[in-house]
Amino acid sequence: MLEIKNLTKVFAKDTVNEHTALDNLSLSLDKGEFVTIVGSNGAGKSTLFNAVCGTFFADSGRITLDGEDITYMPEHKRSKMIGRVFQDPMKGTSPNLTIEENIALAYSRAKHGPLGFALNRRDMALFREALSDFDMGLENRMKTKVGLLSGGQRQVVTLLMCTIVPPKLLLLDEHTAALDPATSGKIMDITNNIVNKNALTTLMITHNINSALKTGTRTIMMDSGRIILDISGDERGKMSLNELLELYSQRSNKVFDNDRMLLGDN
Amino acid sequence: MVLVLGSLELGIIYGLLALGIFITFRILNIPDLTCEGSFTLGLAVSAALSCSGHPYIGIIAGIIGGMAAGGITGFLQTRCKIHPILAGILVMSGLYPINLLILGGSPNLALIDSQTIFKDAAAAMPFLGDDGTKIAVSLIITVIAAAVLAMFFKTHTGLAVRATGDNEDMVRASSINADKMKVLALAAGNGVIALCGAVITQYQNYADINSGAGTLVLGLASVIIGEVIIFRRDLTLSLAAAVIGSIVYRFIIALAMKLPFFDSSYLKLVSAVIVAIALSIPAIKDRAALMKVKREGEKNA
């Protein structure tokens, strides 16, 4: 499904601040795989996502999605196939538009006719039903401006916007990190629910190693722009938190420096 | 009575300007100076074509001219990455000689003997009277423009335009070409503004090359007054509010002109002060809140 070959990205090349964010990275995802990504700060996790989304073009390497070469495809074109939820709840929604207008905007990906009315009765019923699945009471606030919602509620709206037209690839960039633990757990449940229902190919960055091992079907660990560990199946099922941290130290010759990782409780 | 009717007529026509400014300033979040040039462009095109006997084509051509001007500003902003305000200024000053050329090289043009939409309407509906026709014609044009815009902003494209001003990153991530949306919004806004110029010149039977000066501030003042009167909730109401704001603004100006010491040249100063005060209200509120926190803090110190 997603095929990344020898991807390299260097920031501030030929200056004192030169930084290799992605170092000849290769990764291959099968259809329907749910991969969690862990790694310390600056490991290149978000850079990988940005490269896949087209926020910038990589210096070298190839990215193919569903057989199509998207390495140099403009961001707005590839976002037709890729849904992305950010850590910052502000980023994924338009605050001055209502809940249903935001979802309609995302839904317009599936529809033709740019001058058709964005909201009709049938779509509105569809959005309402989709939101009611999440059990957050949002289906009764369809005419509320998204700017008035809490961070968790906004992330739910963003998740629905990214998946109402099932994308070929779903990218979750620490999308629960800015939320309190209870809400964060709830959003993770909703995420699992959506991913399973649509059998979405998903990449999720998480700061929480426990959650990384429990969620999805495969876990990769990144360091200095490279993948240093890639586990799935039985090996992953038996892996404990401490074993994973041990492996990290062995392979990267450093101790995990991300406090948030160890403190996560869900 | 003359004062009331005159203000109402001008207020309705300048409501078009307020609609255009609302699109660029409130929806797109850009104070777009193109309007000073596109307003005059609409006015010049409409006056020149009325002079040669085509007032209706004049209005249509005026709109198209304004949309083209807005489109160029959009192109400069998005493709050439020129600062939005500078892009507007470039188009505005570039339009000056073009407008002069359209007016036939002279800085003004009288339409006393030319056919205009207002004279046509007066001839067709004599029972309405002079002011009656003027109000009817301007009301019809402004209401149609507002209705078309209100409908446009409910379409897929319209929604995308609104979201672009609100959260550009999200729009790009939703597979929408944000640059295209900006160009579209600038074209739409300047099209309505040029329509305003096109109608106003036929209304006053006169075109002047300097009519565009100060239109941005004037439009902003109308938009802001409208927002005070109708607290904006949804977009259709906001569009109506901009037109109502324009009418109220005209009444305020007409009343001010009654004062013995008030000269018409003060108008721009008054508009500028209204806009400056209205736009600084959030900062004043923040400051007041901070002062309050400080006072409370000292009590417990």
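Quick one: would you say A:L229 is under 18 Å from the mean Cα position of the chain (by Cα), modelled with pLDDT of 85 or more and at negative phi?
On the way: under 18 Å from the mean Cα position of the chain (by Cα): no; modelled with pLDDT of 85 or more: yes; at negative phi: yes.
No, not satisfied.
Looking only at region B:73-104, residues that are within 17 Å of B:L43 (Cβ to Cβ), within 19 Å of the chain's Cα centre (by Cα) and surrounded by fewer than 18 Cβ atoms within 10 Å (Cβ to Cβ) come to 2 in all. Condition check for B:D234 on (1) more than 14 Å from chain A (Cβ to nearest Cβ); (2) farther than 24 Å from B:M92 by Cβ: one failure, at (1). Restricting to region B:154-201, count the residues that are more than 8 Å from every other protein chain (Cβ to nearest Cβ) and either over 21 Å from B:A69 (Cα atoms) or modelled with pLDDT under 90 (or both). Selection size over region B:154-201: 1. Please enumerate the residues belonging to region A:97-116 that are at the interface with chain B (Cβ under 8 Å from one of its Cβ atoms), modelled with pLDDT under 90 and assigned to a loop (DSSP other than H, G, I, E, B). Within region A:97-116, A:S108, A:R109, A:K111, A:G113, A:P114, A:L115, A:G116 qualify. When the residues of region B:263-274 are filtered to those that are in contact (Cβ under 8 Å) with a residue 12 or more places away in the chain and under 13 Å from B:I252 (Cβ atoms), the one that is nearest to the chain's Cα centre (by Cα) is B:S271.
Restricting to region B:78-103, name every residue that is touching a helix residue (DSSP H, G or I) at 6+ places or on another chain (Cβ under 9 Å) and free of Cβ contacts under 8 Å to residues at least 12 places away in the same chain. Hits for region B:78-103 are B:C80, B:I82, B:H83, B:L86, B:L101. Consider region A:80-96 and keep the residues that are closer than 22 Å to A:Q153 by Cα, charged (D, E, K, R) and in a loop (DSSP other than H, G, I, E, B). The one that is farthest from the other protein chains (Cβ to nearest Cβ) is A:D88. Checking each residue in region A:25-79 for being closer than 13 Å to A:G225 by Cα, part of a strand (DSSP E or B) and among the hydroxyl-bearing types (S, T, Y) picks out only A:S26.
Return yes or no: is A:I187 within 25 Å of A:D30 (Cβ to Cβ) and either in contact with a Cys (Cβ under 7 Å, 6 or more places away or on another chain) or assigned by TED's automatic domain parsing to the domain that holds A:D23 (or both)? Walk me through it before giving the result.
Working: within 25 Å of A:D30 (Cβ to Cβ): no; either in contact with a Cys (Cβ under 7 Å, 6 or more places away or on another chain) or assigned by TED's automatic domain parsing to the domain that holds A:D23 (or both): yes.
Spelling it out, it is not the case that A:I187 is within 25 Å of A:D30 (Cβ to Cβ) and either in contact with a Cys (Cβ under 7 Å, 6 or more places away or on another chain) or assigned by TED's automatic domain parsing to the domain that holds A:D23 (or both).
The values are calculated or read from the model by the stated rules, or taken from the named source; none is laboratory data. Values in this document were obtained by computation on a predicted structure and should not be read as measured data. Note that we place each Cβ from the backbone using ideal geometry, even for glycine, and neighbour counts take in every protein chain shown.
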